[in-house]
Amino acid sequence: PLVLGIETSCDETGVGLVRGTTLLADVVASSVDEHARFGGVVPEIASRAHLEAMVPTLRRACDEAGVTLADVDAVAVTAGPGLAGALLVGVGAAKALAWALDVPLYGVNHLDAHVAVCALDGGPLPTPCGALLVSGGHTSLLHVVDVASDVRLLGETVDDAAGEAFDKTARLLGLPYPGGPAIGAAALEGDPTAIAFPRGLTAARDLERHRFDFSFSGLKTAVARWVRACEAQGRPVPVADVAASFQEAVCDVLTRKAVDACRTHGLEHLLLGGGVSANGRLRELLAERCAEAGIALRVPRPRLSTDNGAMVAALGAHVVAAGLPPSPRTLGGDPSLPVGRVLVGA
Ligand code: ATP
Ligand code: MG
Ligand code: FE
């Protein structure tokens, strides 16, 4: 079946078309430039941009795949988590299409879609497996038994998400928004061992209760203190070294805990998903540590790591293949949909 996926949880309007694990189209319109001068996503601007971009993005996706809307067999849409007004636009569009085309509607979880997208690069998911989800709003370790129906949360951040830490640290360093790519680029010129930044929740006493949890707010504070100290001493901030050392601290903790989670739960495969998985050092260090531990790692191409409609279509295709009942046509968005609720049912 041909599955159409719609994504509008944040500032990307994404439409994807997928058949099984084959990607046919992936078109993304982003309003990121409109938010840059505010240093973060402005919800009202994002919602309006989704409204304007929705129909042209749908058209472009159909053109790219060489299909028409009449060929679509099922519509999947991000039902949450995300910005309430932004979700509303995608859910509204998906409901209208499902009614008009008389096809089933599936309201799915954006976070599980970040994981399911791995099927588009390398074929069917090697479940059961572990998944490290690192994005702008979430940082979680998952045990994926079946991506359509059984995703278990092993641990998550107790404060900032990894992407949020990248964005806030970039701001402290005077780097542009979004901070992830900017830090990644600055770090290429820096020494990752220049500054020993803290590794949150890795001390023996923390591991008892928070073995698979993360904390990045202490790291952000440590960077802020470092920058202030430079300013107080009238020295220029060594931006590249701070960026590289910060990035190393984040990647060290993420990869250590992901490998530990797989070992502890007897999982031989690990998936990496979410916007921060576009980070080169994270990919490199995770590949290295997985190889040492005998864990097979699957990482989507960077374009599929950040928000897009293809990931929603990919999860929709899993849900359709599993024969699960569609969502009601009264579907609404849920800004705080938990990762364990893959599909919003009746
Ligand atoms: P969520 O998925 O939790 O709802 P989101 O959809 O806003 O949040 P994503 O689009 O998955 O998040 O990821 C965006 C985040 O990824 C931003 O914080 C951004 O800084 C970060 N990011 C993007 N590219 C990179 C990179 N190359 N290195 C590090 N971080 C990156
Ligand atoms: Mg975005
Ligand atoms: Fe996302």
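None of the figures in this text is laboratory data; all of them are computed from the coordinates on show. These figures come from a predicted structure and were not determined experimentally. Note that we place each Cβ from the backbone using ideal geometry, even for glycine, and neighbour counts take in every protein chain shown.
Here is how the numbers come out for the structure above:
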| quantity | calculated |
| --- | --- |
| Alpha-carbon centroid distance for the pair region 32-100 / region 141-205, whole angstrom | 27 Å |
| Paired Rg and Dmax values of region 56-107, which use every Cα atom, in angstrom | 11.5, 32 |
| Rounded FRET efficiency, nearest 0.05, which uses the C-beta distance separating Arg211 from Arg19 and R0 of 45 Å | 0.65 |
| Choice from Gly16, Gly80, Gly294 with maximal GNM fluctuation in the chain (Cα, 10 Å cutoff) | Gly294 |
| Most to least packed among 88-94, 108-114 [average Cβ atoms within 10 Å] | 108-114, 88-94 |
| 0 to 90° range, to nearest 10: angle between helix 239-264 axis and the chain longest Cα axis | 60 degrees |
| Cα-centred dipole magnitude for region 28-143, charges only on beta-carbon of K, R (+1) and D, E (-1), debye, nearest 20 | 240 debye |
| Phi-based couplings in Hz for region 306-321 (Karplus 6.51, -1.76, 1.60; Gly and Pro marked x) | 7, 4, 7, x, 4, 5, 6, 5, 5, 5, x, 4, 5, 5, 4, 4 |
| Rounded D (µm²/s) - region 112-218, Kirkwood Rh over Cα pairs, Stokes-Einstein at 10 °C, 1.306 mPa s | 101 µm²/s |
| Helix 43-65 vs. the chain, principal-axis angle (Cα, 0 to 90°, nearest 10) | 60 degrees |
| Within straight-line cross-link reach of Lys257, lysines at Cα separation under 30 Å, skipping those fewer than 8 residues along the same chain | Lys168, Lys220 |
| All-pairs Cα distance distribution in the chain, expressed in whole percent, bin size 10 Å | 6, 27, 33, 23, 10, 2, 0 |
| Rounded Å value of the spacing that divides the Cα centres of region 213-233 and region 294-342 | 35 Å |
| Neighbour net charge for Leu4 - beta-carbon separation under 10 angstrom, K R +1, D E -1 | -2 |
| DSSP-defined antiparallel bridges as percent of all bridges, the chain, nearest 5 | 60 percent |
| For region 202-346, average projected area of the Cα convex hull in nm² | 12.6 nm² |
| Nearest-ten-degree value, helix 84-101 long axis tilted from longest Cα axis of the chain | 30 degrees |
| Approximate spin-label separation Glu268-Arg48, in nm, with each point projected 7 Å along Cα-to-Cβ | 5.4 nm |
| Kirkwood Rh (inverse of mean 1/r, distinct Cα pairs), region 237-302, angstrom | 12.5 Å |
| Relative packing of 326-336, 126-136, which averages over residues the other C-beta atoms within 10 Å, highest first | 126-136, 326-336 |
